[in-house]
Amino acid sequence: AFNSCESLTSIDLPACTSIYYGAFMNCTKLKSINVPVCTNIGNNSFENCRTLTSIDLPVCTSIDYSAFRNCTSLKSINVPVCTTIVNLAFNRCTSLTSIDLPVCTSIGSSAFNRCTKLTSIKLANTSKICTLSDSNAFNNTPIANKAGYIYVPDELVEQYKKSTNWSVYASQIKPLSEYTE
């Protein structure tokens, strides 16, 4: 719809519930988005939006393939009800330092690959362990290089450390009670 609109700087879609494939891809000057009732961000929706600095998706439950890939200025993400982060969703978001995923249940392959400043992830869901589809989700990040941490509910620390694909990051998994901003 707006793919490669290089002069587009902001989006205000107060009634939009889904953004589909490539809708704002390559909008290189896009700085802000307002989609307060959007529940799904589709494949490649904001890929290469290099001036986008923050996203607030208060009711979004899923972020699909490469949705924010190469958003190199992205520093702040608010996704309080997001349960699913699909493959490559935040790949190469090189300004992202932390992310809070309070109810996340699934993280896809290479979801945070090459987020070269990502030092902390908070997974607060106490009802189940977040599924990590591939241990490469955090490749080329400080977390993978033993300089960052994954914070999980205190009562689930040992389960995370032994879980499929999370076990690779066992030394980086810490209880939420130790998290400091």
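The values are calculated or read from the model by the stated rules, or taken from the named source; none is laboratory data. Values in this document were obtained by computation on a predicted structure and should not be read as measured data. Don't worry about glycine lacking a Cβ; one is built from the backbone with ideal geometry, like all the others, and counts go over all protein chains shown. Heads up: the accessible areas ignore ligands, DNA and RNA and are worked out on the full protein's heavy atoms, side chains in. Shrake-Rupley method; radii C 1.70, N 1.55, O 1.52, S 1.80 Å.
Nearest 0.05, what FRET efficiency do N125 and S54 give at R0 = 22 Å with Cβ-Cβ as r?
0.45
At 1.4 Å probe size, with the rest of the protein present, what percent of the exposed accessible area of the chain is carbon and sulfur atoms?
Ligands and nucleic acids excluded, carbon and sulfur give 48 percent.
Say each of L8 and K31 gets a label point 7 Å from the Cα, pointing the same way as Cα to Cβ; how far apart are those two points in nm?
1.7
Could you give me D for region 1-124, from Stokes-Einstein at 10 °C and 1.306 mPa s, where the hydrodynamic radius is the Kirkwood radius over C-alpha pairs? Units µm² s⁻¹, please.
Details: Rh = 13.8 Å.
Value of D from the Cα-based Kirkwood radius: 115 µm²/s.
Sort 3-16, 28-41, 104-117 by the packing proxy (mean of other Cβ within 10 Å over each peptide's residues), most packed first.
Details: 3-16: 12.4, 28-41: 17.9, 104-117: 20.9.
Highest to lowest by the protection proxy: 104-117, 28-41, 3-16.
Which one of T72, T84, T131 has the biggest mean-square fluctuation once the chain is modelled by GNM with Cα springs under 10 Å?
It is T131.
Averaged per residue, what accessible surface does region 108-181 expose to a 1.4 Å probe, in Å²?
47
In nm, to one decimal, how far is the D100 label point from the T180 one, both placed 7 Å along Cα→Cβ?
Going from the D100 label point to the T180 one covers 1.8 nm.
Given an 8 Å cut-off on Cα distances and at least 6 residues of separation, report the relative contact order of region 1-78 as a percent. Walk me through the numbers before you get to the answer.
On the way: 234 pairs, mean separation 21.7, N = 78.
With pairs under 8 Å counted, the relative contact order is 28 percent.
What FRET efficiency do you get for S73 and V168 if R0 is 35 Å and r is their Cβ-Cβ distance, rounded to the nearest 0.05?
On the way: r = 29 Å, r/R0 = 0.83.
Calculated value: 0.75.
Remind me, relative contact order of region 69-181 in percent, using alpha carbon pairs under 8 angstrom and six or more residues apart? Kindly include the intermediate steps, with their values, before the conclusion.
Details: 293 pairs, mean separation 22.9, N = 113.
With pairs under 8 Å counted, the relative contact order is 20 percent.
Quickly estimate the mean residue ellipticity at 222 nm for the chain, helices only: each DSSP H run with n ≥ 4 gives -39500 (n - 2.57), and the total goes over all residues, rounded to 500. All intermediate terms of the calculation are to be shown ahead of the outcome.
On the way: 1 runs with 6 residues, N = 181.
That comes out to -500 deg cm²/dmol.
Ratio of alpha-carbon Rg to the 2.2 N^0.38 Å globular estimate for region 45-109, to two decimals, please.
On the way: Rg = 10.6 Å, N = 65, 2.2 N^0.38 = 10.7 Å.
Normalised Cα radius of gyration, region 45-109: 0.98.
Which parts of region 59-74 would a label at D134 reach, counting a residue when its backbone N lies under 19 Å from a point 7 Å out along Cα-to-Cβ?
63-71
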